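Okay, so here's the structure we're looking at.
The values are calculated or read from the model by the stated rules, or taken from the named source; none is laboratory data. The model shown is predicted, which means the values in this text are computed figures rather than measured ones. A quick note on method: Cβ atoms are made from the backbone with ideal geometry, for glycine too, and the neighbour counts reach across all protein chains shown. Surface areas here come from the heavy atoms of the whole protein model, side chains and all, with no ligands, DNA or RNA. Shrake-Rupley method; radii C 1.70, N 1.55, O 1.52, S 1.80 Å.
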Amino acid sequence: MAITYKINEIFETLQGEGSFTGQPSVFVRLQECPVGCSWCDTKHTWEAKPEFSIPVKDLLAKKGDSEHWSVLSVEEIIQLFNQQGYQAKHIVITGGEPCMFDLTPLCHALEQQGYSTQIETSGTFEVKTTDACWVTVSPKVNMRGGYPILAQAMERANEIKHPVATEQHVDDLKSLLNEFKVTDKQVYLQPISQKQRATELAIKTCIENDWRLSVQVHKYIGIE
Ligand code: SF4
């Protein structure tokens, strides 16, 4: 049986975070996440309630955040890209928590079509994808869902992008890097909000540790 994915939205924009900041990208947002971050800005993706299942044509017409989702196969996703006439050649698979699912068939098919692929994950589920896929792990430590950060995810990561608002978040990241002996990956600190305090803490900590700052550029320039 063809593998399918529950999808909350698909849209073309610029990547606003991490190493690919500024890169024209098609975002594929998967439905479902049990991690439970209190400050999550995509809580509408947490559950796939049957009453919010909609046809693909309605998914494309969606405006703003909503709990509605559609089921698409790999072939249908690629067909949809062609129909929509997307020009971006970089695909970001996000969520929700995309690594609840095996993303290998999707990323493989996209790469066969000439796209580059990227996954954004919380590091709490095993990362299943192609070797060529760029994996961004944004470790979500001690969240309500009770999922630990996995060594496999930290090892597979091409970049670590850590949300930060307090000194405790910085300490959490240092503990993780130490625990998993991460020494060879690019580390980004990303203020959880656009509040000055979080940004100032991130800047100071980046300078102290030779990490990079990621500031969610899309939120500053008002794009999705
Ligand atoms: Fe939200 Fe991501 Fe946390 Fe899930 S892992 S609760 S989608 S921020």
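Of everything in segment 77-113, what is among the small types (Gly, Ala, Ser) and either open to solvent by 50 Å² or more (accessible area, probe 1.4 Å) or in contact with a Ser or Thr (Cβ under 7 Å, 6 or more places away or on another chain) (or both)? Give them in sequence order. Working first, answer last.
Within segment 77-113, the subset among the small types (Gly, Ala, Ser) is 85, 88, 95-96, 109.
Passing the criteria: 88, 95, 96.
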So, in segment 10-37, exactly how many residues are within 16 Å of the ligand (Cβ to nearest atom), open to solvent by 10 Å² or more (accessible area, probe 1.4 Å) and either closer than 17 Å to residue 110 by Cβ or among the basic types (Lys, Arg) (or both)? 2
Based on what the data block shows, is residue 88 part of a helix (DSSP H, G or I) and of a type in the set (A, V, I, L, M, F, W, C)? no
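Closer than 23 Å to residue 102 by Cβ, in contact with a helix residue (DSSP H, G or I) (Cβ under 6 Å, 6 or more places away or on another chain) and of a type outside the set (S, T, N, Q): is that true of residue 7 in this structure?
Working: closer than 23 Å to residue 102 by Cβ: yes; in contact with a helix residue (DSSP H, G or I) (Cβ under 6 Å, 6 or more places away or on another chain): no; of a type outside the set (S, T, N, Q): yes.
Taking the combined requirement at face value, the residue does not satisfy it.
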For the structure I just gave you, tell me whether residue 65 is over 19 Å from residue 139 (Cα atoms), at pLDDT below 95 and assigned to a loop (DSSP other than H, G, I, E, B). yes
Inside segment 118-139, the number of residues satisfying the requirement of being touching a Phe, Trp or Tyr at 6+ places or on another chain (Cβ under 8 Å) and surrounded by 22 or more Cβ atoms within 10 Å (Cβ to Cβ) is 4
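Being on the phi < 0 side of the Ramachandran plot, crowded, with 20+ Cβ neighbours inside 10 Å and either in contact with a strand residue (DSSP E or B) (Cβ under 8 Å, 6 or more places away or on another chain) or modelled with pLDDT under 95 (or both) narrows it down to one of 177, 213, 150, 173, so name that one.
Details: 177 fails: crowded, with 20+ Cβ neighbours inside 10 Å; 213 fails: crowded, with 20+ Cβ neighbours inside 10 Å; 150 fails: either in contact with a strand residue (DSSP E or B) (Cβ under 8 Å, 6 or more places away or on another chain) or modelled with pLDDT under 95 (or both).
Of 177, 213, 150, 173, the one residue that is on the phi < 0 side of the Ramachandran plot, crowded, with 20+ Cβ neighbours inside 10 Å and either in contact with a strand residue (DSSP E or B) (Cβ under 8 Å, 6 or more places away or on another chain) or modelled with pLDDT under 95 (or both) is 173.
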Being of a type in the set (Ser, Thr, Tyr) and within 11 Å of the ligand (Cβ to nearest atom) narrows 115, 147 down to just 147
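What do you reckon, is residue 63 within 16 Å of the ligand (Cβ to nearest atom), without any contact (Cβ under 8 Å) to a residue 24 or more places away in the chain and within 21 Å of residue 223 (Cα to Cα)? Please lay out each step first, then the result.
On the way: within 16 Å of the ligand (Cβ to nearest atom): no; without any contact (Cβ under 8 Å) to a residue 24 or more places away in the chain: yes; within 21 Å of residue 223 (Cα to Cα): yes.
Spelling it out, it is not the case that residue 63 is within 16 Å of the ligand (Cβ to nearest atom), without any contact (Cβ under 8 Å) to a residue 24 or more places away in the chain and within 21 Å of residue 223 (Cα to Cα).
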Answer yes if at least one residue in segment 155-162 is under 17 Å from the mean Cα position of the chain (by Cα) and farther than 17 Å from residue 186 by Cβ, and no otherwise. no
Name every residue in segment 38-59 that is in contact with a Ser or Thr (Cβ under 8 Å, 6 or more places away or on another chain), among the aliphatic types (A, V, I, L, M) and either within 19 Å of residue 82 (Cα to Cα) or within 16 Å of the ligand (Cβ to nearest atom) (or both), in order of residue number. 56, 59
